[in-house]
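Q: Dropping the structure in here first, questions after.
The values are calculated or read from the model by the stated rules, or taken from the named source; none is laboratory data. Computed from a prediction, not measured in an experiment: that's the story for all the values here. Using ideal geometry, Cβ is built from the backbone for each residue, glycine included, and neighbour counts are taken over all protein chains shown. Quick note on the areas: whole protein, heavy atoms, side chains included, nothing else; ligands and nucleic acids left out. Shrake-Rupley method; radii C 1.70, N 1.55, O 1.52, S 1.80 Å.
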Amino acid sequence: MAKTIIVSNRLPLQLKIENKSVTATASVGGLATGMKSVHRDSNGLWIGWTGLVEEDVPSDLADDVFEAAIAEQCIPVSLTAKDIEGFYYGFSNRTIWPLFHYFMEFTEFEKQSWQSYKEVNEKYAEVVLDNLEDDDTVWVHDYQLMLLPQLIKRERPDVSIGFFLHIPFPSYEVFRTLPYREEILKGLLGADLIGFHTYDYERHFLSSVSRILRLDVSFNSITFRDRLVTVNSYPMGIDYEKFENAAIEHNKKNTQDKSELQRRLDSHLDAGDTKMILSIDRLDYTKGIANRIRAYEYFLEKYPEFKEKVRLVMLAVPSRSNVPQYQLLKKEVDELVGRINGKFSTVSWTPIWYFYRSMPFPNLIDLYTSCDVALLTPIRDGMNLVAKEYIATRTDKKGVLILSEMTGAAQEMNEALLINPNNFEQIADTLKQAIEMPESEQVKRNNILQKRLKRYNVEKWARDFMTGLEETKEKSDHVKALKLNPTRQEEMLNAYSESDHRILFLDYDGTLRGFVNNPDDASPDEALLELIDQLQQQQNTEVVIISGRDRNTLGTWWKKIPITLIAEHGVWKREKGKNWEVTENVKKDWMPNIRPILETYVDRTPGTFIEEKNYSLAWHYRNADPELGEMRANELSTTLKELTSNHELGVLDGNKVLEIKNSAINKGKAVTKEIFKEDYTFIFSIGDDWTDEFMFEELPDDAYTVKVGIQQTAAKYYVDDTESVRKLLQSFVDAG
Ligand code: GDG
C-alpha cells in the first residue's frame, strides 16, 4: 500500500536512555497532531532526528533506539555532535533563521556550516530513499531541509514531493544576500508543491525564483526543467478541540484538583486586584520579547493609573542556548525584568512575573485561561500558534488578543487588536484599550475568531496540503503524458517514412531558434539553414515556416532556401519559388490609436520596445525586469482588450510579447488553408508559444502536433527545448 513519508528535522518523539534501556514517548506538538491522520492512520512513516547524537547512544543500544522509534512509526536519521553543530546550530540557526526573519545583522555566512548543511541533507535523503517505495508521497518540513526535495527528486523523479516552510520567506532583496541562494532555490524546486503560511511569503519566493533563477513563473506555477512546480499558501491551524476541551475540563475543576500554579493564580484573581497580561514564546530574538517589556514599561509610565492594576505574566521557553545571540537575549531579558520590577514594585505588587522554563501542557492551559489579555509582539513570526491557542481556550469568549502585524497569524486574525511591535506609543494605547474593552465587544470579536480557527484547524491544514499535492501530481501527469519519448518518436518516424505526401509547419522563434535579447539578432545559424535545406530536399515533403515575424525579416533570412514562408501569423505568404502575397484583407487604420498606448508602456518599463509589422504591433518585454515585465503585460493586456473588443482586433499573449492584430488572423486559419490545398498523409506542426496553439487546435486529429517546453497545450506531444527540436528534425532527415 502506498504510504506518505513525513520528514522533519526532529521526530515527534522524546527518547530517553536510562539504566541501559531506551524508552520513546510520542510528543504531542501541533505538527504531530496535524499530521496524525497522515502519519498514524495511513500506515505512514516519519523520518527525522531523535534528539540524541551518535556519541550519546552506547553502541550496544543503537538497535534499541531504532526499534523504539520504529514502534512509533518513526525512522531515525543518525547525526553526530559535529553535524548538529554545523547543520543545526550553524547554518539553520545562524544563517537561515536570522536571514529569513530579516535579522541580517545576526546572519553569519560560514562556508563550513553550509558544507555541513549539505552533508546532513544528504543523510536525510539517504534514509528517505531507503524507505521509499513506488507510489509513495513525501512531505518535507521546514528550513533545515531545503535541499532535500531536490536530492530525492534527482533519484526518484516519479515520486510526488511536498515541502512546507514554517517560517517566513523573506523579500527578494533580503534573500539575494545569501551566497548559496541558487542552491537553496533549486533544492526547494525538487518539490512538486511548495507551501507557505501566507500569500506574502509565497509572493517573495516566486519573486526570488523569477529574478535569481530567471525561470518562468505563471501565476503560482514555475516551469523548472521538464516539470511544473506549484506554489501555494496554507495557513497552519491548531488542534482546536484539544485546547478548547482542555479549557472546558480546566474550568470544571474544584480547588483540590487544580494545579499548584492555578491555585496561586487564583489567589490573585479572587482578590480582583489585577488584570493579567500574558506573554508566551520561545526565548527568541524574533519574538520581540525585549521590546514587549520596554513597551510595557512605557505603558506604566504613560498611564500610571494602571500601576498595581495590571501584571505581565511572561513565560519564556529556553531555546537554542548554544547560539550567542540567544545567550545575549537571555541576559538582556533578565536585566530588563529586574530593572522594571525594581523600578515599579510595591510591597503588594510586582509588575512582571517571569518564568524562564518550559511548562507542562496543563500549566499552559492555566495561563491561557487565567489571563485577561494576551500580548504577543513578534518582530517577525511565520505564523504564531500561541495567538490561536489563546483564543481557543477562551470558552466564555472573553479576553483580548493583542497581536503583532508582523506575524503570519495576523493575516487571519483581523478581529484581534493588531499592533506594530516597534511602535511603543501604539502598544501602550492598545494595552489600555484592551484592559478597558467592554465584555460585549470582546465576545463579539472572539466569536468570529473562534469560528474561523475551529474550521481551519491543523487537520484541515494537513488535508488541504495533501489534496493540493495530489492535484499537482494530476496536473503534471497530464503534461507528462505528452512527452515525446523514444517510443512515440519512433511511431512518428514510421508514419513519416511511410507517407508519400508530407507537410511540416515549423514555428521559428523559440522553436527552431532559441530566444536572444534582441530579436534582430536571431537569424538562422548555418547548422539550421543546412538542416532545413536537407529537410526540404526530401521527396514529397513540403516545409513551411510559419511565424509572427514580418515578411522582410523572414524573407531575407530564408532567401536561399526554397521553402514556403508564412509571416505575421498568416497575413503574408511566400510560396516556394514565388513572391510575397497578401492572403488576408486586413485593416491598419487602428494602428495610430494603439501605438501611443504602447509607447507609454515602453517609457514606464525599461528594456521593452515596440515592433511594428505590416499589419500588427508588438510590445516585447523579454529584457525587462521579469516581475515588472509580467505586471505591466497584465496591465497592458487588460487595457488593450477593453479598447479593442469592438474593432475586430485581438491581443495575443506570446512568449514575453503582446501582439495586437486583426483577430481574424491566426496561424490556425493559415495552416488550415494549406492542408486543404492538397491531400497530405503526414501533417506535422511544432511551436512554443500561445500563438501556435491555434495551429494545434485547428489541425486534424491525426496530425502530429508538438509543443516546445512544458506547459498546458492542445498539442499531443512536447519536447524540452530548441535543441530537441533540431534533433527531431534531423531524425526526419535521417528517416528519409
Ligand atoms: C515555528 C514558527 C510557526 C510554548 N511554550 C510551551 C509550549 N509551547 C508551544 C505553544 C505552541 C508552540 O509551542 C509555539 O509555536 P509558535 O507558532 O508560537 O512558534 P515557534 O516555536 O517559533 O514555531 C512559527 C510554527 O513554527 C508552526 O508552523 O507558527 O511562526 O516560528 O504550540 O503552545 N508548550 C508546552 N509548554 C511550554 O512551556 N507544553
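Q: Could you please report the charge total around Glu575, scoring K, R as +1 and D, E as -1 over all other residues with beta-carbon less than 12 angstrom from its beta-carbon?
A: With Lys, Arg at +1 and Asp, Glu at -1, the net is +3.
Q: Over the chain, what relative contact order in percent results from Cα pairs under 8 Å that are six or more residues apart?
A: 9
Q: Here's a follow-up. With a 1.4 Å probe and all protein chains left in place, how much accessible area per residue does the range 420-559 have, in Å²?
A: Value for the range 420-559: 49 Å² per residue.
Q: Take each of the peptides 566-575, 627-636, average the number of other beta-carbon atoms within 10 Å over its residues, and list them starting from the highest.
A: Averaged packing, sorted descending, gives the order 566-575, 627-636.
Q: May I pose another question? How long is the range 591-661 along each principal axis, judged by its Cα atoms, biggest number first, in Å?
A: 32, 22, 20
Q: For Lys302 and Asn420, what does the FRET efficiency come to when R0 = 22 Å and r is the distance between their Cβ atoms, rounded to the nearest 0.05?
A: Efficiency, rounded to the nearest 0.05: 0.85.
Q: Amide H neighbours of Phe224 under 5 Å, counting only residues 5+ apart in sequence or on other chains, H built in-plane at 1.01 Å?
A: Placed amide hydrogens put Val229 under 5 Å from Phe224.
Q: Taking every DSSP beta bridge with both residues inside the chain, roughly what % is antiparallel (nearest 5)?
A: Within the chain, antiparallel bridges account for around 35 percent of the total.
Q: Further question: Scaled to the compact-protein estimate 2.2 N^0.38 Å, what is the alpha-carbon radius of gyration of the range 368-457, rounded to two decimal places?
A: This ratio for the range 368-457 stands at 0.99.
Q: With charges only on Cβ, +1 for K and R and -1 for D and E, what is the dipole size of the chain about its Cα centre, in debye, rounded to 20?
A: So the dipole magnitude of the chain works out to roughly 2040 debye.
Q: Can you tell which of Phe109, Thr638, Asn245 lies farthest toward the positive end of the dipole of the chain, using +1 and -1 charges on the Cβ of basic and acidic side chains (Lys, Arg; Asp, Glu)?
A: Going by the Cα projections, it comes out as Asn245.
Q: Any idea what the dipole of the range 240-454 comes to, in debye rounded to 20, about its Cα centre with Lys/Arg Cβ at +1 and Asp/Glu Cβ at -1?
A: 320
Q: Still on this model: List the pair-distance distribution P(r) of the chain, using every Cα-Cα distance, as the percent of pairs falling in each 20 Å bin from 0 up to the bin containing the longest distance, rounded to whole percents.
A: 15, 38, 29, 15, 3, 0
Q: Find the accessible area per residue for the range 120-258; the probe is 1.4 Å, ligands and nucleic acids are left out, and the unit is Å².
A: About 38 Å² of surface per residue is accessible.
Q: Moving on. Along its principal axes, what span do the Cα atoms of the range 240-454 show, with the longest given first and each in whole Å?
A: Result for the range 240-454: principal-axis Cα extents of 40, 40, 37 Å.
Q: Now for a different question. Considering the dipole of the range 240-454 built from charges on the beta carbon (Lys and Arg +1, Asp and Glu -1) around the Cα centre, which of Leu364, Asn420, Ile293 is farthest to its positive end?
A: In the range 240-454, that residue is Leu364.
Q: Where the accessible area of the chain is counted over protein heavy atoms with a 1.4 Å probe, how much of it, in %, is carbon and sulfur?
A: 47
Q: Using θ = phi - 60° and the Karplus form 6.51 cos²θ - 1.76 cosθ + 1.60, what ³J(HN,Hα) does each residue of the range 625-637 get, whole Hz, x for Gly and Pro?
A: For the range 625-637, the Karplus-derived couplings read 3, x, 6, 4, x, 4, 5, 5, 4, 4, 4, 5, 4 Hz, x marking Gly and Pro.
Q: If you bin the C-alpha pair distances of the range 129-262 every 10 Å from 0, what whole percents do you get?
A: The percentages, shortest bin first, are 11, 36, 23, 12, 11, 7, 1.
Q: Now for a separate question. First select every other residue whose beta carbon is under 10 angstrom from the beta carbon of Ile561; then total the charges, Lys and Arg +1, Asp and Glu -1.
A: Here the charged neighbours net out to +1.
Q: Rounded to the nearest 5, what % of the DSSP beta bridges within the range 240-454 are antiparallel ones?
A: That works out to approximately 5 percent antiparallel.
Q: Right, next: Calculated from DSSP H runs of 4 or more alone, at -39500 (n - 2.57) each and per residue, what is the 222 nm mean residue ellipticity of the chain, nearest 500?
A: The helix-only estimate for the chain comes to -12500 deg cm²/dmol at 222 nm.
Q: Calculate log10 I(q)/I(0) of the range 325-364 for q = 0.15, 0.22 Å⁻¹, where I(q) comes from the Debye formula with a single equal point scatterer on each Cα and nothing for solvent.
A: -0.49, -0.80
Q: Checking the cross-link filter: which lysines have an alpha carbon closer than 30 Å to that of Lys20, excluding same-chain neighbours under 8 positions apart?
A: By straight Cα distance, Lys20 reaches Lys82, Lys123.
Q: Now a separate question. When the Cα centres of the range 391-445 and the range 322-342 are compared, how far apart do they sit, in Å?
A: For the range 391-445 versus the range 322-342, the Cα centre distance is 26 Å.
Q: Rolling a 1.4 angstrom probe over the protein heavy atoms, how many square angstrom per residue are accessible across the range 591-661?
A: The answer is 46 Å² per residue.
Q: What are the extents of the Cα atoms of the range 234-281 along their three principal axes, in Å, largest first?
A: The Cα atoms of the range 234-281 stretch 44, 23, 15 Å along the principal axes, largest first.
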